[in-house]
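What follows is calculated from the coordinates using simple rules that are stated; it is not laboratory data. Computed from a prediction, not measured in an experiment: that's the story for all the values here. Every residue, glycine among them, receives a Cβ derived from its backbone with ideal geometry; neighbour counts consider all protein chains shown.
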Amino acid sequence: MKYYILIITALLFLAGCTAEEKYQPKKVILKDSTFSFIMMDTSGSALVEGILTIRKMKGFEISGDYKFTAEYNTDFAGYQTMKGEFTGTVDTLQRYFIRTNPKLEDNCIFFKYEIKRDSIHGIWYYSTIMGKKSEGPLSLKQ
C-alpha cells in the first residue's frame, strides 16, 4: 500500500513538472505604459477612441490618465462622468479593473480587461447604485 502512495505521489510530481515547462509568461505592463483604446456599443460600432497611460504603480494599485482622440457617438450613459483620470487595480494574472473617474464610487464607467500573450480583451460598463446600466466591448492595443 505504501508503494502505491509513493508511486502516485511521484507521478503527480512529474505531471506538475511537465506542465510548468509549457507555461509561457504574459507580457508584464510597467509604469508609463500607453494603450490606445476603443469603446464600442453592443453592435460593435465605435463610440470613442482614446489613449490611456498608466502613470503610477504601487503594489496592485495603478493610476493614470486618458484622453479621447476621436468621438463618434457620445450619447451613451456615463460618458459625461469620464474626466480624464483613472485609478484601478491589477492582479497577478494581468487582469485590470479601472474606474474612469476616481472621484465617483458609482455612476461611473469601468474598464475590465485582461492582457494575454498576443492580445488585450475587455469590456467597459456604466454602473450605478442599481447595477450595470450599459456596457460594450473594449479594444486595447499597446
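Side notes on the structure shown:
- Applied to the stretch 66-82, the Karplus parametrisation 6.51 cos²θ - 1.76 cosθ + 1.60 on θ = phi - 60° returns per-residue 3J(HN,Hα) values of 8, 9, 8, 10, 8, 10, 8, 8, 9, 8, 10, 4, x, 3, 5, 8, 7 Hz, with x for Gly and Pro.
- For the stretch 116-123, 3J(HN,Hα) computed residue by residue from phi via the Karplus equation (6.51, -1.76, 1.60; θ = phi - 60°) reads 10, 3, 10, 7, 10, 10, x, 9 Hz, glycine and proline entered as x.
- Under-5 Å amide H pairs with residue 134, H placed in peptide plane, nonlocal only: 126
- Residue exposure proxy: 53, 42, ordered by other Cβ atoms within 10 angstrom of their Cβ from fewest to most, comes out as 42, 53.
- Nonlocal amide H pairs with residue 33, under 5 Å, H built at 1.01 Å: 54
- Among the listed pairs 103/132; 56/133; 58/132; 56/116; 58/116, those with a Cα-Cα distance over 26 Å are 56/133; 58/132.
- Under 5 Å between amide hydrogens, built in the peptide plane, is the criterion, and for residue 121 it picks out 114, 116 among residues at least 5 positions away or on other chains.
- Coil-residue chymotrypsin sites (Phe, Trp or Tyr not before Pro) of the stretch 28-110, DSSP, other Cβ within 10 Å capped at 12: 60
- Of the trypsin sites (Lys or Arg not before Pro) found in the stretch 43-142, the ones in coil according to DSSP and having at most 16 other Cβ atoms within 10 Å of their Cβ are 83, 103, 116, 117.
- For the stretch 34-141, the relative contact order comes to 23 percent (Cα pairs under 8 Å, sequence separation of at least 6).
- Exposure proxy order (Cβ contacts within 10 Å, fewest to most) of 109, 38: 38, 109
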